[in-house]
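Single-structure report; data block below.
The values are calculated or read from the model by the stated rules, or taken from the named source; none is laboratory data. These figures come from a predicted structure and were not determined experimentally. Methodologically, a virtual Cβ is constructed for each residue, glycine included, from the backbone with ideal geometry; neighbour enumeration extends over all protein chains shown.
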Amino acid sequence: MTGWGITDASPGDAGPLALILGDWVRETGWMPVLHSREEDVGFLSGLIESHVVRVARGGTGPMGFLARKAGHIAALYLAPEARGLGVGKALLDEVKAVEPTVELWAFQANRGAVAFYLREGFREVERTDGRNDEGLPDLRLIWRKAP
């Protein structure tokens, strides 16, 4: 897939972005499904209102998105067909270009995401046994701009 770009999210993106998020949750065997599709849309609507949400768009629509507030990444999700194309890196690079420190939480079971963040220069600073809504062990990762 070629010919994609990154733009700001608009309120009309909540539905398509909620599908990307919701499909990932529902297709990931270890991830509990805690919310309905409608709740996913409400969650994305709230993110779009309260965070900077950047959307990678291709010819068929949104390919993925990143939501951030200051230096905290609240969400980074890609549609299956967008994985491995540099889309996630491009979204992450935008944040790293404007923030001196970037932090996020990732589920320990999400080995692909954890490996991606470690390749991108993040380091693990904390692990929990599942003090989150999903009850899954997670870890906090931080990236700092080189001096």
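Go through the range 16-26 residue by residue and tally those that are exposed (fewer than 15 other Cβ atoms within 10 Å of the Cβ) and either touching a Lys or Arg at 6+ places or on another chain (Cβ under 6 Å) or touching a residue at least 12 places away in the same chain (Cβ under 8 Å) (or both).
Our first condition is that a residue be exposed (fewer than 15 other Cβ atoms within 10 Å of the Cβ); within the range 16-26, this holds for 26.
Next cut, either touching a Lys or Arg at 6+ places or on another chain (Cβ under 6 Å) or touching a residue at least 12 places away in the same chain (Cβ under 8 Å) (or both) only: none.
Residues in the range 16-26 being exposed (fewer than 15 other Cβ atoms within 10 Å of the Cβ) and either touching a Lys or Arg at 6+ places or on another chain (Cβ under 6 Å) or touching a residue at least 12 places away in the same chain (Cβ under 8 Å) (or both): 0 in total.
Taking the range 120-147 only, how many residues are of a type in the set (Lys, Arg) and over 30 Å from residue 97 (Cα atoms)?
1
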- Pairs under 9 Å by beta carbon, first residue in a strand (DSSP E or B) in the range 125-138, partner of a type in the set (Ser, Thr, Tyr) and at pLDDT 95 or above, six or more apart or different chains? 138/128
- Can you tell which of 96, 89 is within 23 Å of residue 28 (Cβ to Cβ), in a helix (DSSP H, G or I) and at pLDDT 95 or above? 89
- Note on the structure: Looking across the range 109-147 at residues that are of a type in the set (Val, Ile, Thr) and surrounded by 15 or more Cβ atoms within 10 Å (Cβ to Cβ), the single one that is farthest from residue 28 (Cα to Cα) is 142
- Item | Candidates 34, 47, 92 - the one that is touching a residue at least 60 places away in the same chain (Cβ under 8 Å) and out of contact with any Gly (no Cβ under 9 Å at 6 or more places or on another chain) | 34
- Message: I'd like to know if the range 59-78 contains one or more residues that are farther than 18 Å from residue 22 by Cβ, small (Gly, Ala, Ser) and in contact with a Phe, Trp or Tyr (Cβ under 6 Å, 6 or more places away or on another chain).
- Response: no
- The lone condition residue 106 fails out of (1) loosely packed, with under 11 Cβ neighbours inside 10 Å; (2) within 15 Å of the chain's Cα centre (by Cα) is (1)
- Any chance the range 86-101 includes a residue that's within 13 Å of the chain's Cα centre (by Cα), of a type in the set (Lys, Arg) and farther than 17 Å from residue 22 by Cα? yes
- Query: Which of (1) in contact with a strand residue (DSSP E or B) (Cβ under 8 Å, 6 or more places away or on another chain); (2) farther than 19 Å from residue 104 by Cα; (3) at pLDDT 95 or above; (4) not aromatic (Phe, Trp, Tyr) does residue 52 not meet, given it meets every other one?
  - Reply: (2)
- With respect to the numbered conditions (1) closer than 24 Å to residue 119 by Cβ; (2) surrounded by fewer than 15 Cβ atoms within 10 Å (Cβ to Cβ); (3) in contact with an Asp or Glu (Cβ under 7 Å, 6 or more places away or on another chain), which one is the sole condition not fulfilled by residue 55? (2)
- Of those in the range 72-84 that are farther than 13 Å from residue 55 by Cα and touching a strand residue (DSSP E or B) at 6+ places or on another chain (Cβ under 8 Å), the residue surrounded by the most Cβ atoms within 10 Å (Cβ to Cβ) is 73
- Task: Report yes if residue 74 is of a type in the set (A, V, I, L, M), outside any loop (DSSP other than H, G, I, E, B) and free of Cβ contacts under 8 Å to residues at least 12 places away in the same chain, otherwise no.
- Result: no
